[in-house]
1. Can you give me the accessible area per residue for segment B:28-183, using a 1.4 Å probe, in Å²?
2. Where a ≥ b ≥ c are the square roots of the eigenvalues of the C-alpha gyration tensor, would you call segment B:1-121 rounded, which needs a/c under 1.5, or, failing that, prolate if a/b is larger than b/c, or oblate?
3. Ignoring ligands, DNA and RNA, what percent of the accessible area of the protein assembly as shown is carbon or sulfur (1.4 Å)?
4. When chain B is treated as a GNM, springs tying every alpha-carbon pair under 10 Å, which of B:78, B:196, B:100 comes out with the largest mean-square fluctuation?
5. Suppose we keep just the alpha-carbon trace of segment B:103-246; what are its Rg and Dmax in angstrom?
6. Using the alpha-carbon centroid of each, what span in Å lies between segment A:106-165 and segment A:222-301?
7. Near the amide H of residue B:211, under 5 Å away, which other amide H atoms are found, from residues 5 or more places off or on another chain, if H is placed in the peptide plane?
8. Send over a whole-number figure in Å² for the accessible area per residue of segment A:135-209, probe 1.4 Å.
Amino acid sequence: MATAEAHLGDTETPPDTRGPSAPLPMSVLGVGIASLAVVCVGSVVIQVLYALFGGGITQECLAGGLGRQVVTGTRITFAPVEGARGLCHIVSGFNSGAETTLIVLAVVLGIVAIVSGFSIYRRMPTKRQRNQALSGAFFGVHGITVAVVLVWFRSGELTTFARNFFNFQVLHGELGAFLTGMRNTIVLAFGGEIGGIVLGLVLAMLTLSKHKVVRAPARGYINFFRGTPLIWQLSVFYFGFALGLRLNFSAFQTALIVFSLNMGAYSAEVFRAGIQSIEHGQMEAARSLGMTYLQAMRYAIVPQAVRRVIPPLLNEFVILIKDTSLIVVLGLTVAQRDLFSVGQDGYSSSFNATFFVAVAVGYLAITLPLIRGVNSVEERLRSGLTGVVGL
Amino acid sequence: MNGTDELVRLEDIHKWFGGNHVLRGIDISIEGGKVLVIIGRSGSGKSTLLRTINLLEEPTQGRVFFEGREISDIRTNVNEVRTHIGIVFQSYNLFPHKTVLQNITIALEKVLKMSPSDAKERALEQLASVGLSNKATAHPGQLSGGQQQRVAIARALAMRPKLLLFDEVTSALDPELVKEVLDTMRKLADEGMTMVVVTHEMGFAREVGTRLLFMDEGRVVEDGDPKEIFSSPKDERTKEFLSHVL
């Protein structure tokens, strides 16, 4: 009778049955790791060394696109563009002989690891040895892949690429604008999410009504907002309604409303699926105790459904964070700009795509922690620690 | 309406699920203080009949009376009626996100509008009656099937129902857990609770039942004293069924 309880608090770890290791598979693993490490760590070290002791702009860099032609009489010289020194270091590092050596070394080590790993893994007597042999081979594949990408990368016009994407000098003094942009993106995303969740829960309840007259408008709403592009919704609500009807909404406010309306449609479907996934017996039990339909929903069904839909809802939220960038079509004041708009404006004025690199970093800074959160919540729900799933 | 101790009366109940005619004209009357046991092979309509009594299944045709009032009438406040008719399900249907105590108090507070302290007091009292006082703060997932089913019984009893329905409550239990649930039910019967029990436990039916219905293909085939029916069934179908299960 108490067994269920005893198992719940059980933290005994199972025995490790992977068995001992051996020198051969371990060295395969070592070679594989070395292959990947040489090409990744080595390249980074080269970049750092060039950045610190690179020694300035070379004529090759200037001629290759990091300089502007200056004609004085019959003589043609090159004047370095803004940020050229740093860019030249990046390019020189990639093109250096040391980098070539690293690439060759990585390919050789990779091939050794792949060939030896795949040929011996079947004969390994323990799980641990087999895993080490296989992992070594996989690391070799990774190492060669990175090396091949670098070779391909070096074969192109590195100076132009670096000037367009890695000229961090152009970002100088833009930190404040980027932080404002991130704040606005977060406000738009959270505002849209919160509005969307409230609206979605109501819509979900309506779509579950047994009266078609109640269901039909909710379904129509959901289908409309899921069926038209978000960019169309933003444009029509702002240019069509807010401006056209002379309603007193700013572009930012309109966008907040549209994101809520759009998110409401998507989260309604998530909630509906969550509510329908709760066993029918729960509703029967609640109704049998004399609860009304709404009481049963509120005290029995929705609390369970909400826990089940947390992962898909967070998923929708991550999508919304990125979709807030569509607000760029509305034309925002400087203080209202979101992250993408800031980058877009920077690009327009400088014609330098490094702004978009910074934008990506900004979005990742917001979304990566959230994705981590989603994963850990999913894991917690799966492991049944909340006492909800698994019943 | 007529008999003073008549609690439930079913008049010509028919139920269709789509084209499936599950109940084909049921007329029974249930008296207070009795234990009515319904047996029959699966698909005979016994669970549907039971669920018709608290209107979890709405009869396609026919009328249901509770304490002389027609509760199948569309104007009836079904929620109010259900507070007087408890039901225990085969799959317990406890609320997994609430503790054992909350499972019992939630309806007391939200439906019967009891104060939280009164509700808690009654819930603890009810848990004690099924021998689970020490599980009040546990979640249903931490309990064995038998314990969960006893909590479900306590939850139904806490509403102080006039009638308690049991829908194959031991069918989902491991054999060694069946007895604790049957013992709880036997105790209730001894205390005079009116019960309608759909079951496959023939020993319980014979021993605790004061009246037995045998159902087949949506009809009541045999209706009478359990011991008599078990020892000398009149209908051929009853004879055949009993020869298989006894």
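The values are calculated or read from the model by the stated rules, or taken from the named source; none is laboratory data. In this text the structure is predicted, and so the values were computed from the model without any measurement. Note that each Cβ is placed from the backbone with ideal geometry, even for glycine, and that neighbours are counted across all protein chains shown. Each accessible area value is taken on the protein alone, full model and side chains, heavy atoms only, with ligands, DNA and RNA left out. Shrake-Rupley method; radii C 1.70, N 1.55, O 1.52, S 1.80 Å.
1. On the way: 5710 Å² over 156 residues.
Accessible surface, normalised per residue, equals 37 Å².
2. prolate
3. It is 60 percent, rounded to a whole number.
4. B:78
5. In order Rg, Dmax, the Cα atoms of segment B:103-246 give 17.6, 56 Å.
6. Each part reduced to its Cα centre gives a spacing of 48 Å.
7. B:35, B:37
8. Numbers: 3830 Å² over 75 residues.
Using a 1.4 Å probe on heavy atoms only, each residue of segment A:135-209 averages 51 Å².
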